[in-house]
Structure formats: structure tokens, C-alpha cells
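Just below is one structure, and these are the notes that go with it.
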Amino acid sequence: MNLLSIRGLDAGYHAKKILANINLTVETGQFISVIAPNGTGKSTFLKTIAGILPPLQGEILLSGKSLTAYKRRDLAKKIAMVSSDINENEFTAWQMVMMGRFPHIPRFSTPSADDKAAVQAAMEDAGIWLERNSHYSKLSQGEQQKVIIARALAQQPELLLLDEPTAHLDICNQYGVLQLIKNLATRKQMAIIAAIHDINLALQFSSHLVFLKNGAIVGSGPTNEVLSAEILADLYGMTFVLNRDSETVYVRPNLFE
């Protein structure tokens, strides 16, 4: 089912255009990785979809309704975003994740049994339930990232946006987090858009890819169809070798050309 439609989108900061004429359709159950060199608009792309940055031009439709027509609380029930920034604080992991329930809790009310159940489910999904009573600042960076992901899951969104979700994780936790995200897309039919720095991680877990260059989409589609050595060379200005077998595909720079 079509969840998100982006049409003729220009985006940036204070009239400084960073993205131009972006067109993209996102369906439920898709896990889309955004691949681009550093500084080419990945974060701007996600922040605009999240409603944090207003479009300079064009429109974003969520479930057929303009993003600008949603009230902030209603939009937060549909879209959650995970940033790569991790800030120190003295809340417990449980309290941090409960913050994700803010769009569901009426003003001046306390969390209900349903809110508490949603927080527990989100923490269990993210593999952080056993650390629920630990202070966030005392957790490892990997555990902190899982708390932030659990906070987003507690919103029970239809669309989950992630900006470098594995940036603070070791290789084991990178695979665990991306497997979790992939399972959410499949099991809950949640749409996922993630900016991922590691191309090979994106290839292993994503159903679809979007390639950004100079503020424009230069390729998008199912992972196995859109990936090519040519598009990677165009993006990064160097040649790549693609290795494929019956189950996986991975890429490496061609350092010997």
C-alpha cells in the first residue's frame, strides 16, 4: 500500500536549496536505504520527510494527506525519527522510551496500562528490556542507540526514519539492529527509510535503495535491480567491484585499477 508520496520536492535551510526535484513513492513493508556521499543531503532528506524542515517547494503526502495538514501530535503518531546524535542525561532507559508515548498520552495525564505495555514491547523488540532501570548515561553507546530506537518504536509509527542508526554500534550490534529494522518492515508492515553509511550493510538488509548525488535522486528501486558498479562509480568518483553469489551481494572499491 502506498504510504508516502514525494512530488517535486525542493528542500534545504533558509531558502538554501540542498535537494531539488525529489520524486519518490514509499509503500508499507519497504526498507529503503539512502546511499550518498557525506554532505549531500541525506539528513536534510529525512528531516524534511519527518516534518522538521518545511519544504521549499513541492509536496509530501502521507496516507494521501499533505504533511503540512497534520497537527504535530497526529504526525508523531505516524512518523518517528531516530537521529545519530546521542545526548547524555540522567533519565532511566524506561523513562527515555516512555517519552516516545507523548503523542498518545493526553495532556496532564499519566501513562496508561496500554502505554506501559507499548514501552515494554518496544524495549523487548530493541533488545534493551533488561536495562530498563539503568540510567541512560551509564549505558554503552550501543545500548543508548537501542534505547533511542525503542523510543521511536514506542510511538507505534507507520513510517520510521533513521539517520545512521548503526553509527555507534560494533559489528555484532550493527547486524542486530538492522535485522530488527528489517523484521519490523516485514512483520508490522512498517515503512523504513534509513540513511546508512556502510553500503554492504544496506545491501544485506534493504529491500530498496535510493541514491542521492548533488541533491538529486540518480537511482532508486529494488536493491537487486538498481545496484550497479556504474552508479556507485558515479556517486563516489571511483570504480567498484560487485561480488554476487546465490544469496548475497557485496561491493568493494577497485583499488588496483
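The values are calculated or read from the model by the stated rules, or taken from the named source; none is laboratory data. This structure is a prediction, so every number in the text was calculated from the model and none was measured. We place every Cβ from the backbone using ideal geometry, glycine too, and count neighbours over all the protein chains shown. Just so you know, the surface numbers come from the protein's heavy atoms only, side chains and all, with ligands and any DNA or RNA stripped out. Shrake-Rupley method; radii C 1.70, N 1.55, O 1.52, S 1.80 Å.
Run the numbers on the chain and let me know its relative contact order in percent, using alpha-carbon pairs under 8 Å that are six or more apart. Could you put the intermediate results ahead of the total?
Values: 498 pairs, mean separation 61.8, N = 257.
About 24 percent, as a whole number.
Using all Cα-Cα distances in the range 51-179, what percent lands in each 10 angstrom bin from 0 up to the longest?
Percent of Cα pairs in each bin: 12, 41, 32, 14, 1.
Would you please report the Å³ per residue occupied by the convex hull of the alpha carbon atoms in the range 124-257?
Enclosed volume per residue, from the Cα hull, is 141 Å³.
I need two numbers for the chain: Rg to one decimal and Dmax as a whole number, Cα atoms only, in Å.
Gyration radius and largest Cα-Cα distance of the chain: 18.5, 64 Å.
Heavy atoms only, probe 1.4 Å: what % of the accessible area of the chain goes to carbon and sulfur, would you let me know? Show your work: numbers first, answer last.
On the way: 6220 of 12660 Å².
The computed percentage sits at 49.
Suppose we flag trypsin sites (Lys or Arg not before Pro) only when DSSP calls them loop and at most 11 other Cβ atoms lie within 10 Å. Which is the longest uninterrupted stretch of the chain?
108-257
Tell me which chymotrypsin sites (Phe, Trp or Tyr not before Pro) from the range 37-92 have a DSSP coil assignment and no more than 15 other beta carbons within 10 Å of their own. Show your work: numbers first, answer last.
On the way: sites: Phe45, Tyr70, Phe91; in loops: Tyr70, Phe91.
Listed in order of number, the matching sites are Phe91.
When ligands, DNA and RNA are left out and all protein chains stay put, how many square angstrom of accessible area per residue does the chain have with a 1.4 Å probe?
Per residue, the chain has an accessible area of 49 Å².
Using the crude model of +1 on Lys and Arg Cβ and -1 on Asp and Glu Cβ, and no other charge, please compute the dipole size for the chain relative to its Cα centre, in debye to 20.
Using only the charged Cβ atoms, the result is roughly 940 debye.
Where the only charges are on Cβ atoms (+1 Lys, Arg; -1 Asp, Glu), what is the dipole of the range 9-155 about its Cα centre, to the nearest 20 debye?
On the way: 17 positive and 13 negative charges, 91 e Å.
Using only the charged Cβ atoms, the result is roughly 440 debye.
Compute the Rg to Rh ratio over the range 1-76 from the alpha carbon atoms, using the Kirkwood formula for Rh, and round to two decimal places. It would help to have the intermediate numbers written out before the result.
On the way: Rg = 12.2 Å, Rh = 12.9 Å.
With Rg and the Kirkwood Rh in hand, the quotient comes to 0.95.
Points 7 angstrom from Cα along the Cβ direction at Gln141 and Asp234: gap in nanometres?
About 3.4 nm, to one decimal.
Loop only per DSSP, at most 16 neighbouring Cβ atoms within 10 Å: give me the GluC sites (Glu not before Pro) in the range 39-95, ordered by residue number.
Within the range 39-95, the qualifying GluC sites (Glu not before Pro) (loop, at most 16 other Cβ atoms within 10 Å) are Glu88, Glu90.
Counting DSSP beta bridges with both partners in the chain, what percentage is antiparallel, nearest 5?
60
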